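Everything below concerns the one structure shown next.
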Amino acid sequence: MIDNFKTLAVAHQGPLLNVQLNSPDTGNALGEPMLDELLTVLGALHDRPEIRVVVLSGAGADFCLGGDRREFAESLAADGSGAALRAMGNKARRVCEALAATSAVTIARLHGGVIGAGIALAVFCDLRAGAHTCRFRLPELALGMPPAWGGVLPRLLNEAGAARIRELILTGESFDAAKAVELSLLHKAVPAGELDEAIARWTRPLVRRSPAALRTAKVMMNAYAGAGRLADATLFDAEMLTSVLAAAGPERRG
């Protein structure tokens, strides 16, 4: 696996792979370079069946403050057709799909701000632990965008329920780690100083599990979770995001 990344810090510990979003100056905003590198790392797992657990974390004060809005605006300014922004949106969807579909168990280690696209990355992980000080928000409507990043909406609806997610999207209100646990967006919340140990309590038994059993369990859970969906409307997420931002005009994109 290639380790020479600009926006990620990747560390191997036998069957455990630590992947850290490593652009703290931007709040680990998700732009195309980071999406490309996440696709490289997650794609390489197909050839690394010995990796049983992937821990996804963020450097600096926040896990992830969302998508890179400046990059969205610059993309549309440079290409009014929106083709480049659609391509970026499709990469976001592929990253989220890869987190869910990889045979390794994916664990989100959350701290600080977990906003918008940052919630999408987290919710596509199998397990999620966060510090008590985490703050969550789905601000897309307030920013003039639909909740169409990475195919996250059906995942949120499945994990937390339609009524609660509807409220969070329409109001855009911030919520804390305790609320995230109540909504099943976090499996556990702990003091910040205990977060690494909380993650380790999951990873220690998981790295001893049979790779074949883990892989089969994930395939089964993904299959049953998607059994009621007649069509995958998230295929249109990139188109919807691009269309709304293009119609908004440059004054609404920055």
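The values are calculated or read from the model by the stated rules, or taken from the named source; none is laboratory data. If you're wondering where the values come from, they're calculated on a predicted model, not measured in any experiment. Protein only, heavy atoms only, side chains kept; ligands, DNA and RNA dropped before computing areas. Shrake-Rupley method; radii C 1.70, N 1.55, O 1.52, S 1.80 Å.
Overview of results
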{"item": "For THR171, solvent-accessible area (1.4 Å; no DNA, RNA or ligand), Å²", "result": "80"}
{"item": "Expected 222 nm ellipticity per residue - DSSP helices of 4 or more, -39500 (n - 2.57), all of the chain, to 500", "result": "-13500 deg cm²/dmol"}
{"item": "Relative contact order, percent, segment 1-72 [alpha-carbon distance under 8 Å, six or more residues apart]", "result": "40"}
{"item": "List ARG208, ARG93, ordered by accessible area with a 1.4 Å probe, largest first", "result": "ARG208, ARG93"}
{"item": "Proximal lysines to LYS6, defined as alpha-carbon separation beneath 18 angstrom and excluding residues fewer than eight positions away on the same chain", "result": "LYS91"}
{"item": "Kyte-Doolittle at least 0.0, axis length at least 15 Å by Cα - qualifying DSSP helices, the chain", "result": "32-44, 83-101, 211-225, 237-248"}
